[in-house]
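Colleague: Sharing a structure with you now.
Laboratory data are not the source of any read-out in this text; all were calculated from the coordinates shown. These numbers were taken from a predicted model, which means no experiment stands behind them. Cβ: placed from backbone, ideal geometry, glycine included. Neighbour counts: every protein chain shown.
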Amino acid sequence: MTEWLHHESLFRLSSFFTVLLTMMLWEWRQPRRILSLPRTRRWPANLGIIVVDSLILRLTFPVLAVGAAGWAEAHGWGLLNRLEAPFWLAFIISLLALDLVIYTQHVVFHKVPVLWRLHRMHHTDLDFDVTTALRFHPLEIVVSMLIKLAVVVLLGAPPIAVMLFEVILNATALFNHGNVRLPPRWDRWLRWLVVTPDMHRVHHSVRVVETDSNFGFNLPWWDRLFGTYRDQPREGHTGMTLGLEYFRDHRAINLYELLRQPFLTASFQPTRNPP
């Protein structure tokens, strides 16, 4: 498995584009909802923001998560390295722990006002499709990477586990943001193993009690365990309104406006909708 680290960039890019193109094709053939805006208006900014994010990460950090894991392993840093845990156990613990951290971070970004300002750009998309998975502000990406670097080093996660976790998380995020139709029975069973599009779409509802649910990106277990799971949106998947109640300007689809989003003042604060 460690040979994969020598081809990390190729593995990441091939996985990303394979899943992205597969979901785009699936959305075209079997859409779950009719989009309110044409793809030609939304996709340039949603695809462009990931280019900006990637450039900023490369310019800001001398090493990213896999490199930090390799450094910790070489220097014996981190809990799992100190305990000399067998590889198979360290691998499983790392995958689960990193996913729990992502879930917890997501909850915190919704609850802490200054962090919500960074994260809310993701929720200003008035539609929901595979490109929404890419729509994160560069400042949020930087904060997220700082958290990930700290967790990877303190945990002593194996580099291969970190790389596979990032690839899997990226793939599942593209999947669960897909505007795709799954047979109800498939969705009902799949959401015990992975976050499905119908499960995560609830999180993008304009209703605040629904926005504050289904925080998982990969594993669905944390939402069920910590009481943040919501089965279906109140208005149904085809009737629900997506986005934020207090940012519904179609200019938000412009890349420049996306970058400005954390510095804008909402016209009014959201109120808690009844469940």
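Colleague: To make sure I understand, if each residue's beta carbon is the centre and we count other beta carbons within 10 Å, what order do Ser9, Ser14 fall in, fewest to most?
Modeller: On the way: Ser9 8, Ser14 12.
With the sparsest Cβ surroundings first, the list reads Ser9, Ser14.
Colleague: Counting only helical runs of four or more DSSP H residues, what would the 222 nm mean residue ellipticity of the chain come to if each run contributes -39,500 (n - 2.57) and the total is spread over all its residues? The partial results should precede the final answer.
Modeller: Numbers: 13 runs with 156 residues, N = 275.
Value at 222 nm, helices only: -17500 deg cm²/dmol.
Colleague: Can you tell me which of 37-49, 130-142 comes out highest on packing, and rank the rest after it, using the mean Cβ neighbours within 10 Å?
Modeller: Values: 37-49: 15.5, 130-142: 21.3.
Peptide ranking by packing, descending: 130-142, 37-49.
Colleague: Which helices of the chain meet both criteria: a Cα extent of 24 Å or more along the helical axis and a mean Kyte-Doolittle score no lower than 0.5, with helices taken as whole DSSP H segments? Mind showing how you got there, number by number?
Modeller: Values: long enough: 8-29 (32 Å, 0.63); 39-60 (31 Å, 0.40); 87-111 (36 Å, 1.44); 138-155 (25 Å, 2.38); 159-176 (25 Å, 1.61).
Taking the DSSP H segments of the chain (at least 24 Å long, mean hydropathy at least 0.5), we get 8-29, 87-111, 138-155, 159-176.
Colleague: Any chance you could run the full-extension gain for His237 through Leu21? It's 0.36 nm times the residue separation minus the Cα-Cα distance, nm to one decimal.
Modeller: 75.4 nm
Colleague: Could you calculate, for the chain, the ratio of the Cα radius of gyration to the Kirkwood radius, expressed as Rg to Rh? Don't jump to the answer; show the numbers that get you there.
Modeller: Details: Rg = 18.7 Å, Rh = 19.5 Å.
Here the Rg-to-Rh quotient is 0.96.
Colleague: Further question on the same structure: Kirkwood hydrodynamic radius (Cα pairs, Å) of segment 40-101? The partial results should precede the final answer.
Modeller: Details: mean 1/r = 0.0697 Å⁻¹.
Every distinct Cα pair counted, the radius reaches 14.3 Å.
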